[in-house]
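**Q** Structure in structure tokens, see below.
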Amino acid sequence: MNLRQALTFLTVAELGTVSKAALRLRVAQPALSRQIIGLEQELGLRLFDRVGRRLLLTGEGEQLIAGCRLLLNSASSLKEQAQLLRQGDTGVLKIAGSPQHIESVLSQFLHRYAKRYPRVEVRIREGTGNEILTMLERGEIHLGQNLLHAVKLSEQHYGSLPLGSVELLAACHPSMPLGPQTTIEVADLGEFPLLLMDSGFGFRRAFDAAARMAGLKPAIAFESRNPHSLLALAEAGHGIAIVPSQLQCQRYELRIVGLTHRRRVLQEPLTISWDKRRPLPRFATDYCAMLAEHMRETFPITRPTEPASANTKGKHRLPAQRAARKTRRLRD
């Protein structure tokens, strides 16, 4: 039974005559009668009894009514869904990003996006550079956030939009003797134990490349997939954590300095990428543009610590931490 036959069957059952059903459906009576006969032959059932000029459902026909209504309602629902999809403001958007991107950027941005696209369901997956590229290649996600140079994207198959740059930062206990400046040369990290991201992260590979250029053989004390483990160890004085500027560090008592090589700030461009062979719905392309605007307004998430003043007795604190301590002193 196709949709046209189901509609004919229900209309004749409702109106009781072929003539009335033909008028409603705008079909010639002989053609409609042939449709009914053809349906009965296809199903091997007699659907109507003729009583005078009326057609009454047989017992078998009565039992098929509910199924036909369900079939037509499902078809109508699919048409409505397709119409909404054509409008480009409803659907499922699958994205992937690094843990620090999800924590520092998406945790706030998704509220902004939901106001623009309340009928889009955003599904998030966490991953490192190569993991995210694999998800794109397999079609498991629509969009993947990554460092531009962390993975090799085929320009033929993949498109990308720049999201700004992520700076390489060194975070340590305020007592660590890094000197008075807000930056430190990568080559000068050789005497310190380093706390690094796992080698699967694009940010770690960016640091390794900078270390090679500077001739540094890093003394690796610990590696982790969780950047906050590095910050906790750095706060406790176990070494210097190398972290991206998009990571939230405010709740730790740390000194933050920027990394440089030959006095040039080390930074990596951040992008969001997609497979050009898979057309993106409008809500996905708008997601990229909105995310880029949001990151221009909020980056960098973490900045180097301001130089210590005379009344801090040589200690370096983040501005937010100093303000909180000043507020407590005033309250006391």
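The values are calculated or read from the model by the stated rules, or taken from the named source; none is laboratory data. Predicted, not measured: the structure shown is a model, and the values here were computed from it. Reconstructed Cβ throughout: ideal geometry from the backbone, glycine too, with neighbour counts over all protein chains shown. Note: accessible area is taken over every heavy atom of the protein model, side chains too, but ligands, DNA and RNA are not part of it. Shrake-Rupley method; radii C 1.70, N 1.55, O 1.52, S 1.80 Å.
**Q** Read through the list (1) of a type in the set (Asp, Glu); (2) more than 30 Å from ILE141 (Cβ to Cβ); (3) in contact (Cβ under 8 Å) with a residue 24 or more places away in the chain, then give the number of the only condition that ASP49 fails.
**A** Only one criterion is unmet by ASP49, namely (3).
**Q** Right, here's the next one. Step by step: first the residues of region 88-109, then only those that are of a type in the set (Val, Ile, Thr) and outside any helix (DSSP H, G or I), then the one that is most open to solvent (accessible area, probe 1.4 Å). Which residue is that? Please lay out each step first, then the result.
**A** Step one: list which residues in region 88-109 are of a type in the set (Val, Ile, Thr), which gives 90, 92, 95, 102, 105.
Subset that is outside any helix (DSSP H, G or I): 90, 92, 95.
Working: THR90: 24, VAL92: 50, ILE95: 6 Å².
Going through the qualifying residues, I end up with VAL92.
**Q** Quickly run through region 214-256 and pick out the residues that are of a type outside the set (A, V, I, L, M), under 17 Å from SER199 (Cα atoms), open to solvent by 60 Å² or more (accessible area, probe 1.4 Å) and not in a loop (DSSP other than H, G, I, E, B). Show your work before the answer.
**A** Applying the first criterion (of a type outside the set (A, V, I, L, M)) to region 214-256 yields 215, 217-218, 222-229, 235, 237-239, 244-246, 248-253, 255.
Among the residues that remain, those that are also under 17 Å from SER199 (Cα atoms) are: 217-218, 222-229, 244.
This time we only want the ones that are open to solvent by 60 Å² or more (accessible area, probe 1.4 Å), so: 217, 222-223, 225-226.
Of everything in region 214-256, those that are of a type outside the set (A, V, I, L, M), under 17 Å from SER199 (Cα atoms), open to solvent by 60 Å² or more (accessible area, probe 1.4 Å) and not in a loop (DSSP other than H, G, I, E, B) turn out to be PHE222, GLU223.
**Q** Now, a different point. Can you confirm whether LEU169 is touching a residue at least 24 places away in the same chain (Cβ under 8 Å), farther than 19 Å from GLN246 by Cα and buried (at least 19 other Cβ atoms within 10 Å of the Cβ)?
**A** For LEU169, the condition - touching a residue at least 24 places away in the same chain (Cβ under 8 Å), farther than 19 Å from GLN246 by Cα and buried (at least 19 other Cβ atoms within 10 Å of the Cβ) - is not met.
**Q** LEU161 versus (1) closer than 30 Å to GLY144 by Cα; (2) over 22 Å from the mean Cα position of the chain (by Cα): which is the lone unmet condition?
**A** Exception for LEU161: condition (2).
**Q** Please work out which residue is nearest to the chain's Cα centre (by Cα), limiting yourself to region 30-48 and to residues that are surrounded by fewer than 14 Cβ atoms within 10 Å (Cβ to Cβ) and assigned to a helix (DSSP H, G or I).
**A** GLU42
**Q** While we're on this one: Take the conditions of a type in the set (D, E, K, R), part of a helix (DSSP H, G or I), farther than 30 Å from THR134 by Cβ and open to solvent by 10 Å² or more (accessible area, probe 1.4 Å) and apply them to ASP208. Does it pass? Break it down into steps so the answer makes sense when it comes.
**A** Working: of a type in the set (D, E, K, R): yes; part of a helix (DSSP H, G or I): yes; farther than 30 Å from THR134 by Cβ: no; open to solvent by 10 Å² or more (accessible area, probe 1.4 Å): yes.
When the stated conditions are applied, ASP208 does not pass them.
**Q** What is the residue count in region 269-289 for residues that are in a loop (DSSP other than H, G, I, E, B) and either touching a residue at least 12 places away in the same chain (Cβ under 8 Å) or within 18 Å of ALA114 (Cβ to Cβ) (or both)? Give the steps one after another, and end with the answer.
**A** Going residue by residue through region 269-289, those that are in a loop (DSSP other than H, G, I, E, B) are 276-281.
Narrowing further to those that are either touching a residue at least 12 places away in the same chain (Cβ under 8 Å) or within 18 Å of ALA114 (Cβ to Cβ) (or both): 276-278, 280-281.
Qualifying residue count, region 269-289: 5.
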